[in-house]
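The values are calculated or read from the model by the stated rules, or taken from the named source; none is laboratory data. Being a predicted model, the structure only gives us computed values, none of them experimental. Backbone-built Cβ (ideal geometry, glycine too); neighbour counts: all protein chains shown. Note: accessible area is taken over every heavy atom of the protein model, side chains too, but ligands, DNA and RNA are not part of it. Shrake-Rupley method; radii C 1.70, N 1.55, O 1.52, S 1.80 Å.
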Amino acid sequence: MYWEKEIETMDRANLEKMQAARLGETLARATRSVHYRKVFKAMKLDTDRIRTAADIGMLPLTTKEDLREQWPYGFLACSRDELIRMHSSSGTTGRATVIFHTGGDIAAWTNLLARSMYMTGMRRSDVFQNMMTYGLFTGGLGFHYGAEKIGALVIPAGAGNSKRQIQLMRDFDTSVIHIIPSYALHLSTVFTETGVDPRRDTRLKIAFLGAEPHSEKMRRKIEEFYGFKGFNSYGLSEMNGPGVAFECPEQNGMHIWEDNYIVEIIDPVTLKRLPEGEEGELVMTTLLREGMPIIRYRTKDLTRIIPGPCPCGRTHRRIERITGRTDDMMILKGVNIFPIQIEKKLMEIPGVGTNFLIILDREGYNDQMTVKVEIEREFFGGDLQQLEALRHRIVEELRSDILITPRVDLVEPDSLPKSEGKAVRVVDNRKD
Ligand code: ADP
Ligand code: ZN
């Protein structure tokens, strides 16, 4: 049941002691980098005064902008000879950031993925199809190494080419997959079109769903179609990539591996630390990174810590499903809206298909939101009255949640642009 029982179930006092010791080592290493040497000096910070994880508030925050400014090597805490791998972020919100790893870093990261996958029930007898982009993006190689460490048979399928993915699954008895949730929904339409029923014609039993925000409803919709259990997988390249936080069999929040990271939740405006249970921005400090330690990194992801122990026996705390990124937030007529709110509502409505797109326009002084919604094929041939009723229902459901009235266009299945990586949910035409 546990990959590393002692660490996964370590009591909090010992876990915190371990964190304090590792934080000390991390600070010593970080001081060797151009960036932290400069920052610590400017703050006149005496790192010896930081003794426990609770003192972490004295340390400076680190942002994506800092990483960009120090491009390419300003965060390195070791010589380049010691590095064995480079990765980068997807660049969803601007120029991508790069991260460097030593052999020790790759080993620690690989172990976190093995621990996470093992936790969900994956074993060496499984066949694992990794349907993520390989290359600079961390989702490919990260999972690949972790699955090999468990000893599973790995199929490095990569992203896209849906028909071939289905063929691989059937020919080689794939039992576990790693897939982006929006792609899993798209793939379900390809299954249907080719007359293959994943419940009947494949051996799928576990899926790791990650790399982008998705709602509980979306998870259930995917699980229902495929007949597997879908586990939420969270990570970001700055903190290695996947394997940062992962759902256990309880499927109620993701254990965030506190032997590798110190976790804080802050108010994104005042930057003050929030009490356990309150929602805010996730801030993380690496504890085992050799090549490129990062202190108090502002992830821009919004979540909260779920108070209380998990029935699975693991003592590492759980974070709630990510509700969005601070930079995903749309402001419309003074109302703050996250794409996931729209997704959540849409997934509840029967007849809604697998993809949607939000378009923001400025008309005179007014902001207007249009939501293009793909609907299920059965509906499309249907009568106009039925279509209009569905459209009306979507408008009403969205209005009740986001408090403004969107324009809703129903479109044919498969007609909206698809991405092989993270889904693009918003097109903002208001910027000039
Ligand atoms: P980028 O920041 O350019 O997108 P990354 O590939 O490092 O590059 O992506 C990390 C980000 O992806 C996270 O900060 C988060 O916003 C999002 N993400 C990853 N996994 C999840 C998940 N399970 N749920 C919600 N968001 C996720
Ligand atoms: Zn648990």
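How would you classify region 1-92 from its alpha-carbon gyration tensor, with a ≥ b ≥ c the square roots of the eigenvalues: rounded for a/c under 1.5, else prolate if a/b is greater than b/c, otherwise oblate? Show your work: numbers first, answer last.
Numbers: a/c = 2.02, a/b = 1.29, b/c = 1.57.
Since a/c reaches 1.5 but b/c is at least a/b, the shape of region 1-92 is classed as oblate.
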Expressed in square angstrom to the nearest 10, the accessible area of Val424 with a 1.4 Å probe stands at 100
Let me spell out the model: positive unit charges on the Cβ of Lys and Arg, negative unit charges on the Cβ of Asp and Glu, origin at the Cα centre of the chain. What dipole size does that give, in debye rounded to 20? 900
Mean-square fluctuation maximum in Gaussian network of the chain, Cα pairs under 10 Å, restricted to Gly151, Gly235, Gly94, hits Gly94
Along the dipole axis of the chain (charges at Cβ: +1 for Lys and Arg, -1 for Asp and Glu; origin at the Cα centre), the most positive-end residue among Gly160, Leu274, Tyr183 is Leu274
If you plug each phi of region 145-155 into the Karplus form 6.51 cos²θ - 1.76 cosθ + 1.60 with θ = phi - 60°, what whole-Hz ³J(HN,Hα) values come out, in order, with x for Gly and Pro? 5, x, 5, 5, 5, 5, x, 6, 7, 9, 9
Given charges at Cβ of Lys, Arg, Asp, Glu: the chain dipole, positive-most of Thr194, Gly135, Pro311: Gly135
How big is the convex hull of the Cα atoms of the chain, per residue, in Å³? 150
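Would you mind getting the accessible area per residue of the chain, heavy atoms of the protein chains only, 1.4 Å probe, in Å²? Spell out each step's value before the answer.
Values: 18730 Å² over 432 residues.
Computed with neighbouring chains in place, this is 43 Å² per residue.
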Karplus ³J(HN,Hα) for region 211-227 (6.51 cos²θ - 1.76 cosθ + 1.60, θ = phi - 60°; Hz, whole; x = Gly/Pro) runs 5, 8, x, 8, 8, 4, 4, 5, 4, 5, 4, 5, 4, 4, 5, 8, x
Check: C-alpha center region 88-159 vs C-alpha center region 331-347, spacing in Å is 31
Here the Cα Rg-to-2.2 N^0.38 Å ratio for region 376-432 is 1.38
Region 294-390, dipole about Cα centre (Lys/Arg Cβ +1, Asp/Glu Cβ -1), debye to the nearest 20: 1000
Only Lys, Arg, Asp and Glu count, each charged at its Cβ (+1, +1, -1, -1), so figure out the dipole size of region 145-223 about its Cα centre, rounded to 20 debye. 160
Assign one of three labels to region 280-336, namely rounded, prolate or oblate, based on the Cα gyration tensor with a ≥ b ≥ c the square roots of its eigenvalues; rounded applies when a/c is under 1.5, prolate when it is not and a/b is larger than b/c, and oblate otherwise. oblate
Round to a whole angstrom and tell me the spacing of the C-alpha centers of region 54-81 and region 378-432. 41
By DSSP, what percent of the beta bridges with both residues in the chain are antiparallel, rounded to the nearest 5? 60
Taking amide H positions as placed 1.01 Å from N in the peptide plane, with prolines and chain starts having none, which residues 5 or more places from Arg85, or on another chain, fall under 5 Å of its amide H? His101
Would you mind checking which residues have amide H under 5 Å from Gly243's amide H? H placed 1.01 Å from N; only 5 or more apart, or other chain. Tyr234
